[in-house]
Structure formats: structure tokens, C-alpha cells
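The values are calculated or read from the model by the stated rules, or taken from the named source; none is laboratory data. Small disclaimer: the values here were computed from a predicted structure and weren't measured. Cβ placement follows ideal geometry from the backbone for every residue including glycine, while neighbour counts extend to all protein chains displayed. In case anyone asks, the SASA skips ligands and DNA or RNA and just uses the protein heavy atoms, side chains included. Shrake-Rupley method; radii C 1.70, N 1.55, O 1.52, S 1.80 Å.
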Amino acid sequence: KCYRIQHFQNSILATVQLMTGDWVCTGTILDAETILTNADCCLAGVGQIRVGNWNSNAAEPGEFRIGAESTTLHPDFDLVTKDNNLCIIKTASLVEAQPEDCENCWASVCLPEESYLLGNACWTAGWGAVTSGGSPSNKLRESTLNIFSRTYCENKSKPTFLEQELSDGLKINY
């Protein structure tokens, strides 16, 4: 079963926390052995993956850790422009690794069946900073975003922190 990410209760089920050296990154569960994240999160190597985690300062019921078996960067990833900033992480089976108290503590995300349209809403979740220059959040946060074209982002003069972050994270190449 997969979950449509349309509000916070569903986003926590499909979101994992990746420990990558000095970085803490967010990933999305695609299936029981596959996680999608940013390529720059995989460059230094992925350590532990926390599944079923909401508060990084406390263990949740059913939360567990698993290691990455392999990582694959998008073949056209560009470290400078961040184009194609995608990485696939393969793990051992989450079903086999989950503890007994993991009752619906994770799920795969449902991917859209049709292509996106510019201006459509999408949902994201993570433990990142909520203000410019701020510290990472200890609790999983979610946000609803609209999809912008790269041209739209590049034509914005003096983008605000939020506009720049959205443009960096949602670059669409035509």
C-alpha cells in the first residue's frame, strides 16, 4: 500500500532521515527497498537511515534504523547547477528490518500517474531549517509548494530566501 502525500500524517510515513556525515538529509520511501533523496546527500556516503522518525531528539514507537546497501546518483547530476539532483538508495527490506512494534510506522509514497503541470501543488517534508541561516528542525516539518519552471525562477530578481530555496529544489529542465 502506498500513501498519497496530501497532509502531514501521510508524509511522516513515507519520509526517512538520512545520516550522511555532517549532514542530515530527508528521503522518500519508494518501495520496501528503495529510497529517493538528493544526490548531494549521497556524495559523502549514507550512514544510518532512520525510518518511522518524527522527532530527531526522541525515539518513536516502531522507529528503526537500517543501512544503505548501495547508492546511485542520477547520471546527469551537476554539482554546480544542482540539475538532476537525485539519488536512489537501495536498502535491505524494510519489511524484514522493522521491529515488532512497527504498526504502520512507514509506507511507500504514491507517485503521480500523470505528468505534473506548472503551478500544481506538491508536498514536501523534512528536518531542514525553517528560516534563512537557521538551525535544522528537530521535528519533521511539511510544506505545500507550487511547481515553478526554471525560467520563472531565473527571471525573479533578488529572490527571497523562500523563493531561492523553492527554485533550487524544484528546477525543471525542458
Quiz item: Could you say which residue among E33, E63 is open to solvent by less than 40 Å² (accessible area, probe 1.4 Å) and under 21 Å from C102 (Cβ atoms)?
Solution: E63
Quiz item: Restricted to the range 44-66, and to residues that are farther than 12 Å from L18 by Cβ and of a type outside the set (G, A, S), which residue is nearest to the chain's Cα centre (by Cα)?
Solution: W54
Exercise. Tally the residues that are at pLDDT below 80 and in contact with a helix residue (DSSP H, G or I) (Cβ under 6 Å, 6 or more places away or on another chain), restricting the search to the range 37-67.
Key: 1
Quiz prompt | All positions within the range 114-130 that are touching a residue at least 40 places away in the same chain (Cβ under 8 Å) and over 19 Å from the mean Cα position of the chain (by Cα) | solution = L118
Practice problem: Exactly one condition in (1) at pLDDT 80 or above; (2) farther than 23 Å from G45 by Cα; (3) out of contact with any Cys (no Cβ under 8 Å at 6 or more places or on another chain) is not met by C122; state its number. | Solution: (1)
Quiz item: Out of all the residues in the range 100-113, is one or more closer than 18 Å to I29 by Cβ, free of Cβ contacts under 8 Å to residues at least 60 places away in the same chain and surrounded by 13 or more Cβ atoms within 10 Å (Cβ to Cβ)?
Solution: yes
Self-check item: Search result, residues across the range 131-145 that are touching a strand residue (DSSP E or B) at 6+ places or on another chain (Cβ under 7 Å) and exposed (fewer than 11 other Cβ atoms within 10 Å of the Cβ)
Solution: S135
Quiz item: Taking only pairs six or more apart or across chains, which ones have beta-carbon atoms under 7 Å, a first residue in the range 32-52 that is within 14 Å of K90 (Cα to Cα) and acidic (D, E), and a second residue that is open to solvent by 60 Å² or more (accessible area, probe 1.4 Å) and assigned to a strand (DSSP E or B)?
Solution: E33/K90
Exercise. Name the residue, out of D83, D101, D76, that is among the acidic types (D, E) and under 17 Å from the mean Cα position of the chain (by Cα).
Key: D83
Practice problem: From the list F77, F148, pick out the single residue that is of a type in the set (A, V, I, L, M, F, W, C), at pLDDT below 85 and surrounded by 11 or more Cβ atoms within 10 Å (Cβ to Cβ). | Solution: F148
